[in-house]
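So the structure is just underneath, and the comments pick up after that.
Here, each number is a calculation from the coordinates, and none is a lab measurement. Model, not experiment: these values are computed from the prediction. We place every Cβ from the backbone using ideal geometry, glycine too, and count neighbours over all the protein chains shown.
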Amino acid sequence: MDVSKYKALYLQETGEHLSGIEAGLLSLEQNPGDSSVLDNLFRHYHSIKGMSASMGYEPMMRLAHAEEDLLDKLRSGALANSEAITSVLLKCLDTKKSLAERVRADEPLDIDVSSLLESLRAAASGQAARTAPFPAAAPVTGEQGLKLSSVMKVEGRLFDEVLAMVGDLFMTLSSFKTLTHGSRSIEFKNGVHQLGKTVNGLHDTIIFARMLLLEDLAAGLPRLVRDLAKETGKEVSLTTEGMDISLDRTILEGLGSPLVHIIRNAVDDGIEPADERKKAGKPLPATINIKAITRKDRVVIEVSDDGKGIDREKLKAKALTRGISAGKIENMPDSELLKLICLPGLSTAEAVTSISGRGVGMDVVKDAVESFGGSLEIESKRYLGTKIIMEMPRTSSITKALLVETSGEQFLLPISRIEKVIELETKELEAGFYEYAGTEIPVVSLAAALGIKEEPRPRRTLIVLDVKGTYGSAGKTLAGLVVDDFSDEIDAYVKPLLPPISKLREASGITVLGDGRPVFLLDVPQIISKALKGAKIS
Amino acid sequence: MSKKVLIADDTEFFRTALKDILSGAGYNVVGEAANGAEALDMAAALKPDLVILDVVMPVKNGLEAAKAISALNLPLKIVMCTSLGYEPIVEEAIRSGASGYIIKPLSESKVLNTLNSII
């Protein structure tokens with residue numbers, strides 16, 4: 001029998017069985033004797049065994065066979081389930097995942113499974129319970145633990161290319177649009193209009209096809225939490241909300257590492273050991289909640305824990321050792337102070353553990369979230385817990401943006417951050433404040449923020465911006481940005497900045513206009529905070 | 001006329017492999033069931049000449065399905081299909097009316113030799 005043609009089917013079904021096994025083993029930890037879970041697990045192993053034998057994948061077959069034997073004893077009641085058995089089975093699951101990956105990549109299946117087989121046989125003969133608890137699997141990293149379906153990856157690359165081509169189409173389209181302004185041909189104008197509709201439709205379709213559910217990413221999290229909890233000896237449960245929200249594949253993939261880091265920090269630093277929680281009258285197990293909600297075309301993902309919260313005094317002490325002046329630290333608003341945990345190497349953990357390391361992590365999280373045009377907020381209540389809030393677009397690449405001009409240079413501002421555009425006389429803006437919607441908002445000049453010389457002119461444009469985006473529990477933070485003028489609202493195909501210009505913090509991306517001119521998309525929070533800092537010094 | 005076959009296996013992998021082997025040898029695969037209960041319903045509805053039953057299936061396993069299908073008293077033959085280690089179940093199935101068995105992993109010759117010897 002030529003088995004090669006069944007490989008795709010094998011991988012697909014094996015993948016489903018492996019997911020089923022993971023879910024089954026985790027639910028077995030909650031209800032060790034659940035017979036329907038045991039029956040299902042048995043069938044998953046049995047199917048993998050049969051398929052692997054037919055395909056000639058021997059290590060996979062031998063593992064599944066030994067696991068099937070073990071499960072048979074558990075479901076018949078000949079053997080009592082234990083934590084040690086579940087741990088062995090989880091370890092075997094990881095190895096089977098690696099084997100499946102090798103099958104997929106057409107690599108030799110030269111993983112030595114003999115020690116696992118031994119552990120399985122020992123467990124089946126009831127010995128595992130008497131030996132020391134099996135070490136928990138190595139902490140899952142973002143790269144290994146939260147992988148999306150690799151079938152999508154193959155297709156995803158294709159979509160990336162198609163999307164890039166649609167981006168080029170948008171640019172070509174905008175040069176045609178410019179040409180229609182000077183043309184009298186109705187046919188030409190109609191043609192360009194039709195082309196525009198088609199390109200927009202094409203874009204929407206591709207964006208939709210690239211969307212994946214948050215659930216795809218979150219499926220790996222229960223295992224992560226379980227392993228981290230075992231390693232630290234804490235009791236933690238994970239709850240999720242809003243996992244049916246879909247995000248662009250690239251963004252979802254980029255969220256993997258940040259989520260792992262946040263959860264890792266929560267389990268390791270935030271959540272107290274069980275006895276400490278008992279003493280404090282806090283519930284057991286501790287809870288980590290991941291909640292996603294949509295805000296227009298953006299998503300807010302909150303990861304909260306009910307641990308001990310961030311210790312400000314310790315954070316201040318650490319910040320001092322990093323060369324931040326005492327005066328600066330004392331004058332920092334709380335939200336800024338909490339963000340200090342995002343500085344590389346700044347962790348308040350008392351002991352350096354294998355999990356949270358040396359405070360690497362939160363800086364990675366902040367960088368990752370900002371790299372796809374998002375922002376990070378931290379809320380923390382002492383003894384009650386910490387909440388990390390990430391806000392970001394649901395789709396990447398095409399951003400509605402307003403073209404603005406100052407001192408002869410053009411820039412783009414994301415429409416999603418613009419509250420209002422007001423034309424005013426220059427002298428009305430000189431106070432540094434503007435009365436808007438009943439409050440005084442700070443007013444800063446874009447030219448000054450960028451260090452460009454400002455030409456005198458009688459009227460300017462004030463753009464009222466929502467600095468933090470559509471999220472902020474304390475309400476919106478508004479600021480006014482002064483530019484010389486504004487022109488069109490465009491659909492900008494924004495490409496990320498690559499080194500060396502990726503160091504430009506004031507810009508979050510670059511796009512090429514219809515006439516070939518490159519224009520930066522401004523990073524609103526960066527520009528405003530930089531300009532405000534500059535204003536304080538002067 | 002080519003013989004009508006019903007395949008019951010909970011994995012699409014084995015259903016597809018069996019179907020390929022059988023179709024290639026001139027059998028007419030009239031149905032595919034993913035569990036024993038479906039197999040019973042489809043056996044009654046499709047009146048196949050042959051039913052191939054996997055042993056380990058959800059809802060109703062192969063042995064239960066074999067007993068139930070035999071009780072229908074239809075002019076059909078039942079072949080059990082399973083992995084090594086299930087001989088006692090296969091023997092019980094044969095006592096309850098199955099005509100033969102195939103041991104996985106599947107091979108074309110194994111499948112066809114077994115079926116030819118039965119039909």
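Once the chain from A:Asp297 to A:Asp39 is taken as fully extended at 0.36 nm per residue, the excess over their C-alpha distance is 88.5 nm.
Taking the range A:235-255 and a reference point 7 angstrom along Cα→Cβ of A:Glu29, the backbone N atoms nearer than 13 Å belong to A:235-239. From the residues A:His44, A:Ala431, A:Leu117, which one has its Cα farthest along the dipole of chain A in the positive direction, the dipole being from +1 and -1 charges on Cβ of Lys/Arg and Asp/Glu about the Cα centre? The residue sitting farthest along the positive end of the dipole is A:Ala431. For the Cα trace of the range A:213-393, dividing Rg by the Kirkwood Rh returns an Rg/Rh value of 0.96.
Multiply the residue gap between A:Ser175 and A:Val421 by 0.36 nm, knock off their C-alpha separation, and tell me the result in nm, one decimal place. List each step's numbers first, then the result.
Values: separation 246, 0.36 × 246 = 88.56 nm, distance 2.58 nm.
Length difference between fully extended and current span is 86.0 nm.
Counting only Cβ charges, +1 for Lys and Arg and -1 for Asp and Glu, the dipole size of chain B around its Cα centre is about 340 debye.
Treating the Cα atoms of the range A:4-135 as identical point scatterers in vacuum, please give the log10 of the normalised Debye intensity I(q)/I(0) at q = 0.13, 0.16, 0.17, 0.21 Å⁻¹, two decimals. So the normalised log intensities are -0.49, -0.74, -0.83, -1.23.
Rounded to whole Å, the principal axis extents of the Cα atoms in the protein assembly as shown read 101, 77, 42, largest first. For the segment A:38-47, counting C-beta atoms of other chains within 10 Å of every residue's C-beta and taking the mean gives 3. The tail of the calculated P(r) for the range A:398-537, taken as Cα-Cα distances beyond 28 Å, holds 13 percent of the pairs.
Using the crude model of +1 on Lys and Arg Cβ and -1 on Asp and Glu Cβ, and no other charge, please compute the dipole size for the range A:360-490 relative to its Cα centre, in debye to 20. All intermediate terms of the calculation are to be shown ahead of the outcome.
Working: 15 positive and 22 negative charges, 124 e Å.
Roughly 600 debye, rounded to the nearest 20.
If packing is taken as the mean number of other Cβ atoms within 10 Å per residue, what is the order of A:260-268, A:37-45, highest first?
Working: A:260-268: 24.6, A:37-45: 21.9.
Highest mean packing first, the order is A:260-268, A:37-45.
Electrostatic tally near A:Gly374: other residues with Cβ closer than 9 Å to its Cβ, Lys and Arg +1, Asp and Glu -1, net -1. Computed from the Cβ-Cβ distance with R0 of 56 Å, the FRET efficiency linking A:Glu16 to A:Ser407 stands at 0.40.
Hey, what D do you get for the range B:2-98 in µm²/s if you plug the Kirkwood alpha-carbon radius into Stokes-Einstein at 10 °C and 1.306 mPa s? This corresponds to a translational diffusion coefficient of 123 µm²/s.
How high is the relative contact order of chain B, given as a whole-number percent (alpha carbon pairs under 8 Å, six or more residues apart)? Each step should come with its number before you reach the end.
Details: 217 pairs, mean separation 26.7, N = 119.
After rounding, I find 22 percent.
The slack in the chain from A:Lys316 to A:Leu284, taken as 0.36 nm per residue of separation less the alpha-carbon distance, amounts to 8.5 nm. In a reduced charge model with +1 at each Lys and Arg Cβ and -1 at each Asp and Glu Cβ, chain A shows a dipole moment near 640 debye about its Cα centre.
Projected label points at A:Ser76 and A:Ser98, each 7 Å from Cα along the beta carbon direction, are separated by 3.2 nanometres. Per-peptide packing, taken as the mean over residues of other Cβ atoms within 10 Å, places B:59-65, A:176-182, B:84-90, A:336-342 in the sequence B:59-65, A:336-342, B:84-90, A:176-182 from highest down.
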